Amino acid sequence: MPWPEIKDSTGSAADIPFLLTTVARGDADSAGSALGQLRRRICQFGFIVDEATAATVPFLWELVRRPEVTCRAQILQLLKSIADTRQWETTAVAYPKLLHHPDNYVAWERAARDAVHAQRDVLPQLLTERDTEIVRATTELVATLTD
């Protein structure tokens, strides 16, 4: 993935691999902090996605599958936020010129949602986890993906 060539909310998405690695390998504090930074870059304010969002989602799914990752429930919540995004699509209904903007926000949003939907086959396994926080976050994500 050419991360420096795609955009997140800060500009270049070049730091996303470092943040993903920290989420994967860090202790609870550093992983949580890295996930917070990642959230601000790929799902700003909880509802605005960027070009880098769809490219990041498969890595988030991979992290959710790994029991040693300390912030799996929060990753599921981030995936839910991404799946819920309709900001650009809704705005484009009122302002169709947005569909012709050089930065294709509407397509980025759809691609991000599609990326979340693409790996929903992981959800049944997550519903059997012992961690009630993971089960709750998974249940919320299931509800979003079936709406």
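The values are calculated or read from the model by the stated rules, or taken from the named source; none is laboratory data. On a predicted model such as this, the values are computed, not experimentally measured, just so you know. Virtual Cβ from ideal backbone geometry, glycine too; neighbours counted across all protein chains shown. For the accessible areas, the whole protein counts, side chains as well, though only heavy atoms, and no ligand, DNA or RNA atoms are used. Shrake-Rupley method; radii C 1.70, N 1.55, O 1.52, S 1.80 Å.
Can you work out which of the residues in the range 23-74 that are more than 26 Å from Tyr105 (Cβ to Cβ) and not in a helix (DSSP H, G or I) is modelled with the lowest pLDDT?
Looking at the filtered set, the residue picked out is Gly26.
Just wondering, is there one or more residues in the range 97-105 that are crowded, with 16+ Cβ neighbours inside 10 Å, part of a helix (DSSP H, G or I) and modelled with pLDDT under 75?
Yes, the conditions are met somewhere in the range 97-105.
Restricting attention to the range 1-17, which residues are free of Cβ contacts under 8 Å to residues at least 12 places away in the same chain and not in a strand (DSSP E or B)? Give the derivation first.
Restricting attention to the range 1-17, the residues satisfying the condition of being free of Cβ contacts under 8 Å to residues at least 12 places away in the same chain are 2, 4-5, 11-12, 14.
Pro2, Pro4, Glu5, Ala14 - these are the residues of the range 1-17 that are free of Cβ contacts under 8 Å to residues at least 12 places away in the same chain and not in a strand (DSSP E or B).
What number of residues within the range 23-32 are without any contact (Cβ under 8 Å) to a residue 24 or more places away in the chain and either open to solvent by less than 60 Å² (accessible area, probe 1.4 Å) or out of contact with any helix residue (DSSP H, G or I) (no Cβ under 9 Å at 6 or more places or on another chain) (or both)?
Of the residues in the range 23-32, the ones without any contact (Cβ under 8 Å) to a residue 24 or more places away in the chain are 25, 29-30.
With either open to solvent by less than 60 Å² (accessible area, probe 1.4 Å) or out of contact with any helix residue (DSSP H, G or I) (no Cβ under 9 Å at 6 or more places or on another chain) (or both) added as a condition, the list becomes 29-30.
Number of matching residues: 2.
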